[in-house]
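Right, one structure below, let's go through it.
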Amino acid sequence: MFNNCFPFSAILGQDKVKKALILNLVNPNIGGVLISGEKGTGKSTIVRGLSNISKSKDVIELPLNITEDRLIGSIDLKKAIVYGEKGFEKGILYRANNQILYIDEVNLLSEHIVNILLEVMSREVNVVEREGISYSHPTKFILIGSMNPEEGILRPQLLDKFGLYVEVKGVTNIENRMEIIKRRMDYENNPREFSLRWKEENNRIEEKIDSAKKIIQDIKIDNGNLSFAVSLAEEGNCAGHRGEIVLIETSKAIAALNQRKFITKKDIEEAASFALPHRLKEAMILETEAEPLDDSKIEDRKNDISSDDKSNETNSMNSNQEIQLEREGDLENEEMKESIEDIVGTNKPLSINIEFKDKVSNEGSGKRSKVKTNTHKGRYIKYRFPKEKVKDIAFDATLRASASKQKNRDKNGLAICIKEEDLREKVREKQTGATILFAVDASGSMGARRRMGAVKGAVLSLLNDAYQKRDNIGIVVFRKDKAEVMLNITRSVDLAEKCLRNLPTGGKTPLAAGLYISYQILKTDKIKNPDSLQYLVVVSDGKANVPLKTNNPLQDAFELGEKIRNEGIKTMVIDTEDNYIEYGFAKDLAEKMDSDYIKITQISKTDVETSVKSLLNIN
Amino acid sequence: MDRNKLVYPFTAIVRQEDMKKALILNIINPKLNGVLIRGEKGTAKSTAVRALADIMPEREEIMGCVFSCDPNDDSFWCEDCKNKEGKDININHRKMRIINLPVSATEDRVVGTLDIEQAIKKGEKRFEPGILAEANRNILYVDEVNLLDDHVVDVLLDAAAMGVNSIEREGISYVHPSRFVLIGTMNPEEGDLRPQLIDRFGLVVEVFGEKDIDARVEVIKRRLKFEKDPEAFIQEYEDSQNELLNKIENAKDILGKVTYSENCLRLAAEIAIAMGVDGHRADITFMKTAVTHAAYRGDTQVNKEDLFVAAKLALPHRMRRKPFEEGVIDFDKIDELIEEAVL
């Protein structure tokens, strides 16, 4: 629209992305591309530049904050109001038919919109039944998405819909980096002239695509091709059959680009490097090292996609709030010593995986829970018939609702007459995370730095999770004769980490005091943020020896524990007791609070690198 | 002078040189992509931004256009101006303005929405412009940007990056130019911005309260003086304000003519790689900042001073780090690299 395109051919490096896109232009049956990578790597720039090399297809962008009515279409307001006719106002899905639909930051797309997309893509038809109108139209498009995996995972069902997958990284070669800077600065200085300079190269690419498109019709696939493709998909343990179908379509395009009417094994192998990475399932990866696929990083990712699968399936109707921990089995003390030392040395996180399942009705948990809020905050995603008195009017929906009924209404000199039955209210969606408060025992009984190291490791991995889910964190520390708030509830996971790093230890164990302060903080938080979930993680061996109220320190602690439970605050106890002498106090506390309970010795040392990556990249 | 428009003069702000410089550079070259000012409360963040109003150069606008379209650049005109096709175009001379985005802003006010009145009265679907429309060709100031709803920040940064606001919601489908200098402030104690979002800010500056006693005293003195008799105070600084304004205007003139050596580019790339940055925004912004600073100095050739300044303003927030890893900036290393480079 405003000619803001950096020329496609002027982008240096990122050849794999370019190829994936070009393949799709040659053969739209491939099913699009998902481009994943760190920030500043030209993801959106490349896609937006596609219009340079595809005159027949436009790039239609789907903005993150799109509302349902603009996506699928709605009643034509003007027609209804002014002419009294029922007409269909086309949405983006109509415009996108036979074009390219591009979603930037696709992993941040609202749940609701994703659902609509998934449905429409399977059917390849958009059926609209709303606001008094009925309409349907075909909608087949090349879906292109870009995302930064640090920000969150893509739902597996949506991930699967993408034909190809490419990872992007910054360029490391100095000369190339220099050229990238230079080109960008030249472009910004004089966009028109710069674009002209690259016009020829753009045209060349477009011609190549056009001639490939002509050949592709004539490509013959033989049985050898088919069985090889199937075998590759099988080895990858890909779910369903989409893998091999995409493989074949991609191989066709590759062959066509090379001006050939037959497919070679190499074509299929190349195709696999685009079509399979996001479909591989965990089991096989370790065996298939010889595969010409992307490196093991991607394979590890799949681990997490499949484990997230479970949470997606069972999240909506739960009668209890459950916290699921992934236990990796028991360990010998030997191994444990080793792992703690490691942790102390490097402060690397362990792999605790906490999944929140919310009992409040919601639609899935891309973040912890998407709560439909009643306040006027949050993104307006769709409308509904008001339940009681309307507080948050959805004007556009109300207008549309009344539009088709204008014929029989007295308008009083206005263009439209709105009646109470037309009123619609907004449904807003706000990402609420949880408020997670850590009550950390820093007393001498917590033993050596080793145990503190393990504690820090455990908390760090929870923090990882918290960052993405936009949780609020607080830290209460108890030792000697009191408990204090080391970190006030904040969104800054950064601060939480710094605070943990500098935790002093030693002294007695005022467990009750720790619980008391935690209780107060969370109670206040509940009042301030009625929509969020409060969560307490107690890290201790339970050996309370400083009383609060009565003479019995443990009793005090248990009493507070019950209070916390009665308040509806969910808890977890991480028991740091030595395996040698088991008093089991922490376990008792966990019972009183109805907490989830885990021994710190049960948290195994897994491949730390993997867990770090997996926690941050895809999760 | 209108009492309400009595703004504390920019040049009267004590120290905070980095912050002042970052703001000035962005006025000279809006393509630097804005400034994020991080710091504790009471460090002149908002004062500095408001004070900018006085040192911004005048420019031409098409009269009556809500987007303040530039009569000299039709490639970026809004629909309405385009439709006029050069007829009936009256020109206004105005300074860049500072448009405020409050923390409680809701999306519809930010991106714009359906004009309900038009719809009900005339049955017409008209676009009611939001803050992003007003912000075109101006400065958009967001105080406490880390407290904004995530999705509002998303929308802001997207518009800032593309220079265009494209709306598909609430019955409206509309596109309009939205190029602005984004200035955000935040107090890191309240929580941080996602790294993704920080990366989109061109420059980031950290501000601290003055530790030096003399400076602190000066801050109080000046503030009290200003509040006692603002007009006189402003008069006192009139010369230095004008001087700065001239410097800015000259810089804008020569900005397009500034050149840099091949080795500068090389240095930018080397530093970026040494720091392990994500993507390419670091080096690109680094170079642009150096070029702008050269113009600010009145020079048409980038020199080492420019590079040092650029490193300080454009690089610190771009170290590759996971959300809360300890990002250690080895500034000594960077200074060394610059020192040793042969330009």
Report task. Would you kindly identify the helices (runs of 4 or more DSSP H) lying entirely within segment B:203-297 that contain at least 2 residues that are under 22 Å from the mean Cα position of the chain (by Cα) and basic (Lys, Arg)? Result -> B:238-254, B:281-297
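Yes/no per residue for (1) within 14 Å of chain A (Cβ to nearest Cβ); (2) over 16 Å from B:Asn33 (Cα atoms); (3) at pLDDT below 95:
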| position | (1), (2), (3) |
| --- | --- |
| B:Glu262 | yes, yes, yes |
| B:Ile271 | yes, yes, yes |
| B:Met275 | yes, yes, yes |
| B:Thr285 | yes, no, yes |
| B:Thr292 | yes, no, no |
| B:Arg297 | no, yes, no |
| B:Asn303 | no, yes, yes |
| B:Phe308 | no, yes, yes |
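Please verify whether B:Asp143 is modelled with pLDDT under 85 and either in contact with a Phe, Trp or Tyr (Cβ under 8 Å, 6 or more places away or on another chain) or acidic (Asp, Glu) (or both), treating the condition exactly as stated. So that I can check it myself, show each step before the final result.
Numbers: modelled with pLDDT under 85: no; either in contact with a Phe, Trp or Tyr (Cβ under 8 Å, 6 or more places away or on another chain) or acidic (Asp, Glu) (or both): yes.
It is false that B:Asp143 is modelled with pLDDT under 85 and either in contact with a Phe, Trp or Tyr (Cβ under 8 Å, 6 or more places away or on another chain) or acidic (Asp, Glu) (or both).
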Query - Any strands (runs of 3 or more DSSP E) falling wholly within segment A:5-106 and containing at least 2 residues that are within 14 Å of chain B (Cβ to nearest Cβ) and crowded, with 22+ Cβ neighbours inside 10 Å - result: A:33-37, A:100-104
Requested in this report: Tell me, please, whether a residue that is at negative phi, buried (at least 21 other Cβ atoms within 10 Å of the Cβ), at the interface with chain A (Cβ under 9 Å from one of its Cβ atoms) and modelled with pLDDT under 80 can be found in segment B:160-172.
Outcome: no
Query raised in the report: Give me the pairs: first residue in segment A:86-101 and more than 21 Å from A:Ile133 (Cα to Cα), second residue in a helix (DSSP H, G or I), beta-carbon distance under 7 Å, and six or more apart or on different chains, which are they?
Result: A:Ile100/A:Leu50
Report task. Look through A:Thr524, A:Thr550, A:Thr490 and report the one residue that is under 28 Å from the mean Cα position of the chain (by Cα) and either among the polar types (S, T, N, Q) or farther than 26 Å from B:Pro195 by Cα (or both). Result -> A:Thr490
Query raised in the report: Right, A:Ala229: surrounded by 14 or more Cβ atoms within 10 Å (Cβ to Cβ), within 34 Å of the chain's Cα centre (by Cα) and in a loop (DSSP other than H, G, I, E, B) or not?
Result: no
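Conditions (1) facing another protein chain (nearest Cβ under 10 Å); (2) out of contact with any Gly (no Cβ under 6 Å at 6 or more places or on another chain); (3) crowded, with 24+ Cβ neighbours inside 10 Å, marked per residue:
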| residue | (1), (2), (3) |
| --- | --- |
| A:Pro138 | no, yes, no |
| A:Ile142 | no, no, yes |
| A:Pro149 | no, yes, no |
| A:Asp160 | no, yes, no |
| A:Leu164 | no, yes, yes |
| A:Asn173 | yes, yes, no |
| A:Glu179 | yes, yes, no |
Query - Residue in segment B:180-193 that is nearest to the chain's Cα centre (by Cα), counting only those that are in a loop (DSSP other than H, G, I, E, B) and surrounded by fewer than 21 Cβ atoms within 10 Å (Cβ to Cβ) - result: B:Asn187
Report task. Return yes when B:Ile37 is in a strand (DSSP E or B) and either hydrophobic (A, V, I, L, M, F, W, C) or in the same structural domain as B:Ala311 (by TED's automatic domain parsing) (or both) and no when it is not. Result -> yes
Requested in this report: From A:Asp15, A:Asp104, grab the single residue that is out of contact with any strand residue (DSSP E or B) (no Cβ under 7 Å at 6 or more places or on another chain) and of a type in the set (Asp, Glu).
Outcome: A:Asp15
Query raised in the report: Are there any helices (runs of 4 or more DSSP H) wholly within segment B:48-159 with 2 or more residues that are crowded, with 21+ Cβ neighbours inside 10 Å, and if so which?
Result: B:107-111, B:131-134
Query raised in the report: Do the conditions hold for A:Glu188, that is, is it acidic (Asp, Glu), free of Cβ contacts under 8 Å to residues at least 12 places away in the same chain and more than 7 Å from chain B (Cβ to nearest Cβ)?
Result: no
Query raised in the report: Can you find even one residue in segment A:145-163 that is of a type in the set (Lys, Arg), without any contact (Cβ under 8 Å) to a residue 12 or more places away in the chain and either in the same structural domain as A:Lys57 (by TED's automatic domain parsing) or in a strand (DSSP E or B) (or both)?
Result: no
Requested in this report: Kindly establish whether A:Val166 is more than 21 Å from A:Lys382 (Cβ to Cβ) and in the same structural domain as A:Leu64 (by TED's automatic domain parsing).
Outcome: yes
Query raised in the report: Which residues, taken from segment B:89-114, are at pLDDT 85 or above and within 10 Å of chain A (Cβ to nearest Cβ)?
Result: B:Val110, B:Val111, B:Thr113
Report task. Tell me which residues, restricted to segment A:485-540, are among the polar types (S, T, N, Q), at pLDDT 85 or above and touching a Lys or Arg at 6+ places or on another chain (Cβ under 7 Å). Result -> A:Thr509
Query raised in the report: So, in segment A:165-183, of the ones that are outside any helix (DSSP H, G or I) and hydrophobic (A, V, I, L, M, F, W, C), which residue ends up nearest to B:Glu262 (Cα to Cα)?
Result: A:Val171
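The values are calculated or read from the model by the stated rules, or taken from the named source; none is laboratory data. Everything quoted here is computed from the prediction, not taken from an experiment. Note that we place each Cβ from the backbone using ideal geometry, even for glycine, and neighbour counts take in every protein chain shown.
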